[in-house]
1. What's the local net charge at A52, with K and R +1, D and E -1, over the other residues with C-beta under 10 Å away?
2. Where both partners of a DSSP beta bridge lie in segment 46-168, what percent of those bridges are antiparallel, to the nearest 5?
3. Going down the list K105/K132; K174/K194; K82/K158, which pairs span over 29 Å between their C-alpha atoms?
4. If you average the alpha carbon positions of segment 129-200 and of segment 35-91, how far apart do those two centres end up, in angstrom?
5. So between K177 and I142, what do we pick up on full extension, going 0.36 nm a residue minus the alpha carbon distance?
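A short reminder: the numbers here are calculations on the coordinates, not readings from a lab. Note that the structure is predicted; figures quoted are calculated from it, not measured. Cβ atoms come from the backbone with ideal geometry, glycine included; neighbour counts cover every protein chain shown.
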Amino acid sequence: MRYLRSLLLCLSIAAMFLAGCATTTVQYGDAGSAKPIGTDFGSSDLQQIAEAMVDSLVTFPPVAEQTSQRRPVLSVDKVKNKTMQHIDTESVTDSIRAKLIKSGKFRFIDRTTDEAAVEEIKTQQESGLVDKKTAVEFGRQIGAEFLLTANFAEIVQKAGSVTDVYYKFTMNLKNLKTGILEWSDEKEIRKISKRSMFGG
């Protein structure tokens, strides 16, 4: 009996020691990998959407004609999330804007920094710290010519062990002066997962 207790004690100590020595391995993955690991919206989906939308917009003939001689000013509205998931739509918006800027075809107004910009102009105008000759004046900012808007929706279907998720990302370019919709396109993504009953 004493031998059995000693053996159990040794095994317990060994188990705790091994558990304490367990290590977690972390490695870099491919940021551009398109292999899905679930039906939720992921980083590869974000990249597919951003690339598809930007390629479509800059190659659309009427838009390509307008951007051939000059860079129109755009204001990008935050993507509207109509899915049941919590999605960082600001990240989607940022990715699309960054790719459009890199295209060299547009200039952008960033409304998310307006409050900070107002404070900076106030400081330049009222603090007495800035040379009046170089201080920026209110009412001198350029207005946007176009508004870029987007909606993100999903349809989920389940049948037994199968889950089918359909995503649709729609983007529109509106001419603010005329009200005309100059361009519109959508990107579709479908993900299907099947749960195995036996883990095989």
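1. Details: positive: K187; negative: E51, D55, D185, E186, E188.
Its environment carries a net charge of -4.
2. Values: 7 of 15 bridges.
The antiparallel fraction comes to roughly 45 percent.
3. On the way: K105/K132 34 Å; K174/K194 41 Å; K82/K158 19 Å.
Distance filter (> 29 Å) returns K105/K132; K174/K194.
4. Centre-to-centre distance over Cα atoms comes out at 6 Å.
5. On the way: separation 35, 0.36 × 35 = 12.60 nm, distance 1.38 nm.
Gain on stretching K177 to I142: 11.2 nm.
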